[in-house]
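Below is one structure, written out as structure tokens, with a few remarks after it.
The values are calculated or read from the model by the stated rules, or taken from the named source; none is laboratory data. Since this is a predicted model, take the numbers as computed values, not measurements. Protein only, heavy atoms only, side chains kept; ligands, DNA and RNA dropped before computing areas. Shrake-Rupley method; radii C 1.70, N 1.55, O 1.52, S 1.80 Å.
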Amino acid sequence: MKKILVVIALSSSVLFACNNKAKEEAALKQQQAEKQLAIKAVKDSLRLDSFNKAAAAKVEQEKEAKHQAELAAARRAGAASSRSYASSGSGGSSSAAYGGTQPTAKKKGWSDAAKGAVIGGVGGAVGGALIDKKKGRGAIIGGLVGAGGGYLIGRGEDRKSGRVQPKN
């Protein structure tokens, strides 16, 4: 009787072990399938992002080409009008009206310094509130420190890009 019970216990444990292994394998396959879907979603997102960047770059190039064509037409018109004035004997030159060099257009939008100050301020406020026991005080101190640091970093980026003249 004992031998029969031992045989039944061993056979049932083998069956349960096989059954659990099958469940584990199915769960592992499910996880791998989900991982593959996540990787595909990220790749599709990156591909879409690169298409959007390429389209934006193409629009910028077209704008720049149009702007350059307008400048060339204005220069030609200025040169033609100065020649006509010179031939008529007026002695004046209209090239001074165009100035030879045109001032560069100011960049629109937020500077890197402003963006850095805002991002640093928000990040510092969140960090300060999480670290300090008095949430309000920590948020204020963290926000000020973060805004100052973000401003300094952004100001450096503005200098590199030419938006702000570097210190001499």
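Using a 1.4 angstrom probe on heavy atoms only, work out the carbon and sulfur share of the accessible area of region 127-168 in %. Spell out each step's value before the answer.
Values: 2040 of 3180 Å².
Here it works out to 64 percent.
Under a cut-off of 21 Å between alpha-carbon atoms, report the lysines in cross-link reach of Lys160, not counting same-chain residues fewer than 8 places apart.
Within the straight-line limit of under 21 Å, Lys160 reaches these lysines: Lys106, Lys107, Lys108, Lys115.
What number of lysine-lysine pairs in region 29-70 show an alpha-carbon separation below 30 angstrom, given a sequence spacing of 8 or more or placement on distinct chains?
Taking the Cα cut-off of 30 Å, the pair count is 11.
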